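Quick notes on the structure that follows.
The values are calculated or read from the model by the stated rules, or taken from the named source; none is laboratory data. Owing to the predicted nature of the structure, the values given are computational and were not obtained by experimental measurement. Ideal geometry is used to build each Cβ from the backbone, glycine not excepted, and the neighbour counts take in all protein chains shown. Side chains included, ligands, DNA and RNA excluded: accessible areas come from the protein's heavy atoms. Shrake-Rupley method; radii C 1.70, N 1.55, O 1.52, S 1.80 Å.
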Amino acid sequence: MSSGDEPAWGPQYGPWAVIAGGSEGVGAEFARLLARAGINLVLIARKPEPLRDTADRCRELGVDVRELAVDLSRADSVAQIIAATTDLEIGLLIYNAGANTHSAEFLDGDLAAFHQVIDLNVTTPLALIHHFAGSMRARRRGGVLLIGSLTGYLGSARHTVYGGVKAFTRIYAEGLWLELRQYNVHVLELVLGVTKTPAMQRVGLNFDIPGMRVSDPADVAHEGLRQLPHGPVHVVAAHADNPALHAGSDRAEAVLASHRMMQKLLRGTPSAARGRDAPAAE
């Protein structure tokens with residue numbers, strides 16, 4: 001992102017931004033970009049060690065950073081975040097924490113674990129937006145950026161619940177954009193395709209499938225912040241021609257074709273062999 005884009009960020013999105021899922025990957029890149037623009041950060045993630053590493057790197061850029069090691073699928077997570085930010089003016093909320101934490105075929109999976117997927121991807125972000133965006137509307141400035149997934153465009157095995165919540169997020173973002181645009185509060189769902197994040201690398205995804213587009217987290221974060229004023233939905237450019245976005249009337253064939261590609265992506269990972277707890281391949 002060019003430096004010419006950055007001066008407007010503070011007046012529109014500062015002085016503080018909350019990034020849920022801000023410890024590594026795309027979330028960490030969002031944090032570094034905003035820190036370079038002088039926006040203070042509240043970084044939230046489940047694991048304290050990578051969270052602290054990203055926070056320290058952002059502090060070196062001259063901004064204040066608060067770290068919150070919180071499990072966003074827990075019922076008390078929203079109350080913890082609100083309590084830790086009551087003295088701050090939050091001008092930007094980035095919810096980058098959605099993931100498929102229980103990848104199992106629906107009838108073989110644990111219903112309580114599927115509810116955690118719903119809480120992480122729907123219940124918690126809605127509560128945070130309801131809290132933070134109210135003040136943004138009153139100030140008539142701010143931004144809400146939600147991370148979406150191509151998984152929300154076509155059903156896929158072991159992503160039944162996750163795909164459903166990602167489809168919800170897209171429609172929700174469009175409605176919220178309609179409601180807040182008159183108040184100069186920007187709303188965007190940034191739709192990711194396969195992205196080479198540390199989490200995806202740790203589980204051993206097959207990124208070398210011929211013809212597969214793979215995004216870099218830094219490029220995704222740059223593009224997301226550029227597109228935030230132009231909501232409601234933006235698909236990362238590298239994946240704009242993904243067949244899932246252009247499925248025709250034959251939904252069965254589209255779902256089967258997507259399933260075949262997903263099997264190639266997951267081939268060889270331990271999670272694929274177990275049939276559960278596979279990563280959410282965006």
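Every test in (1) touching a residue at least 12 places away in the same chain (Cβ under 8 Å); (2) in a helix (DSSP H, G or I); (3) surrounded by fewer than 16 Cβ atoms within 10 Å (Cβ to Cβ) is passed by Arg66 save one, and that test is (2). Residue-level check: of (1) under 17 Å from Trp9 (Cα atoms); (2) among the basic types (Lys, Arg); (3) buried (at least 23 other Cβ atoms within 10 Å of the Cβ), Lys166 misses just (1). Answer yes if at least one residue in segment 117-134 is over 16 Å from Asn96 (Cβ atoms), at pLDDT 95 or above and in a strand (DSSP E or B), and no otherwise. No: zero hits.
In the set Leu92, Leu61, Leu72, only one residue is hydrophobic (A, V, I, L, M, F, W, C) and over 17 Å from the mean Cα position of the chain (by Cα); that residue is Leu61.
Scanning segment 75-96 for residues that are in contact (Cβ under 8 Å) with a residue 40 or more places away in the chain and either open to solvent by 50 Å² or more (accessible area, probe 1.4 Å) or outside any strand (DSSP E or B) (or both) yields a total of 10. Take the conditions (1) open to solvent by 60 Å² or more (accessible area, probe 1.4 Å); (2) modelled with pLDDT under 65; (3) within 21 Å of the chain's Cα centre (by Cα); Asp208 misses just one of them, which is (3). Has segment 139-151 got any residue that is part of a helix (DSSP H, G or I), over 15 Å from Ala244 (Cβ atoms) and not basic (Lys, Arg)? Within segment 139-151, not a single residue is part of a helix (DSSP H, G or I), over 15 Å from Ala244 (Cβ atoms) and not basic (Lys, Arg). Evaluated against (1) open to solvent by less than 20 Å² (accessible area, probe 1.4 Å); (2) touching a Lys or Arg at 6+ places or on another chain (Cβ under 9 Å); (3) within 27 Å of Arg137 (Cα to Cα); (4) at pLDDT 95 or above, Arg32 falls short on exactly one condition, (1).
Of all residues in segment 249-263, those that are closer than 19 Å to Gly164 by Cα and at pLDDT 75 or above have Cβ atoms under 8 Å from Cβ atoms of residues that are open to solvent by 80 Å² or more (accessible area, probe 1.4 Å) and in a helix (DSSP H, G or I), 6 or more apart or on another chain, in Ala257/Pro243.
Going residue by residue through segment 58-78, is there one that turns out to be farther than 15 Å from Asn96 by Cβ, modelled with pLDDT under 95 and aliphatic (A, V, I, L, M)? Looking for residues that are farther than 15 Å from Asn96 by Cβ, modelled with pLDDT under 95 and aliphatic (A, V, I, L, M), one finds at least one in segment 58-78, hence yes. Considering segment 211-242, the residues that are open to solvent by 60 Å² or more (accessible area, probe 1.4 Å) and assigned to a loop (DSSP other than H, G, I, E, B) include one that is modelled with the highest pLDDT, namely Asp216.
When the residues of segment 35-49 are filtered to those that are touching a residue at least 40 places away in the same chain (Cβ under 8 Å) and in contact with a Ser or Thr (Cβ under 9 Å, 6 or more places away or on another chain), the one that is surrounded by the most Cβ atoms within 10 Å (Cβ to Cβ) is Ile44. Counting only residues that are closer than 20 Å to Ile171 by Cα and either open to solvent by less than 10 Å² (accessible area, probe 1.4 Å) or touching a residue at least 24 places away in the same chain (Cβ under 8 Å) (or both), segment 107-130 holds 12 of them.
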